[in-house]
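The values are calculated or read from the model by the stated rules, or taken from the named source; none is laboratory data. Quick caveat: nothing in here was measured; it's all calculated off a predicted structure. Glycine gets a Cβ as well: all are built from the backbone with ideal geometry, and neighbour counts include every protein chain shown.
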Amino acid sequence: MVTSLLPEGDGAPVNHDAETEVLNREIDTETENPGVKVAEIVRELEGKEATELSAIYERVDGVLDHLFSTPPSQTARMRIEFTYETYRITVEQNGSVTLVK
């Protein structure tokens, strides 16, 4: 398996390998609606209109809001994993987002 690090879109690094596409992004932990931010990342990656995507709230039911609005201590290292569209998404309490396609 060959892995390379390529800049893409907003200049954030993107990891690619021959079988799986792994993309790394960051979202602001102070944002009011982190679920929408994750959906925007997917929309951008897929080149779709927002109306073409399923509602992300149905997937995470506001859990991302709680991860950032009342976060556990930093030593807890909380993360949420879920599937949305064709991606397996992991959001960490520090704002790191990993999307695996």
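One residue stands out among those in segment 50-63 that are part of a helix (DSSP H, G or I) and among the acidic types (Asp, Glu): the one that is nearest to Thr20 (Cα to Cα), which is Glu52.
Could you list all residues from segment 64-82 that are of a type outside the set (D, E, K, R), assigned to a helix (DSSP H, G or I) and touching a residue at least 24 places away in the same chain (Cβ under 8 Å)? Hits for segment 64-82 are Leu64, Leu67, Phe68.
The residue of segment 39-49 that is farthest from the chain's Cα centre (by Cα), among those that are without any contact (Cβ under 8 Å) to a residue 24 or more places away in the chain and in a helix (DSSP H, G or I), is Arg43. Scanning segment 70-87 for residues that are modelled with pLDDT of 80 or more, surrounded by 13 or more Cβ atoms within 10 Å (Cβ to Cβ) and not hydrophobic (A, V, I, L, M, F, W, C) turns up Arg79, Tyr84, Glu85, Tyr87.
Consider Val36 carefully, then state whether it is among the β-branched types (Val, Ile, Thr), modelled with pLDDT under 95 and in a helix (DSSP H, G or I). It is true that Val36 is among the β-branched types (Val, Ile, Thr), modelled with pLDDT under 95 and in a helix (DSSP H, G or I). Inclusion of Ile41 among residues that are surrounded by 15 or more Cβ atoms within 10 Å (Cβ to Cβ), at pLDDT 95 or above and closer than 18 Å to Gly95 by Cβ is warranted. When you scan segment 50-63, do you find a residue that is surrounded by 14 or more Cβ atoms within 10 Å (Cβ to Cβ), of a type outside the set (A, V, I, L, M), within 15 Å of Ile27 (Cα to Cα) and without any contact (Cβ under 8 Å) to a residue 60 or more places away in the chain, even just one? No, segment 50-63 contains no residue that is surrounded by 14 or more Cβ atoms within 10 Å (Cβ to Cβ), of a type outside the set (A, V, I, L, M), within 15 Å of Ile27 (Cα to Cα) and without any contact (Cβ under 8 Å) to a residue 60 or more places away in the chain.
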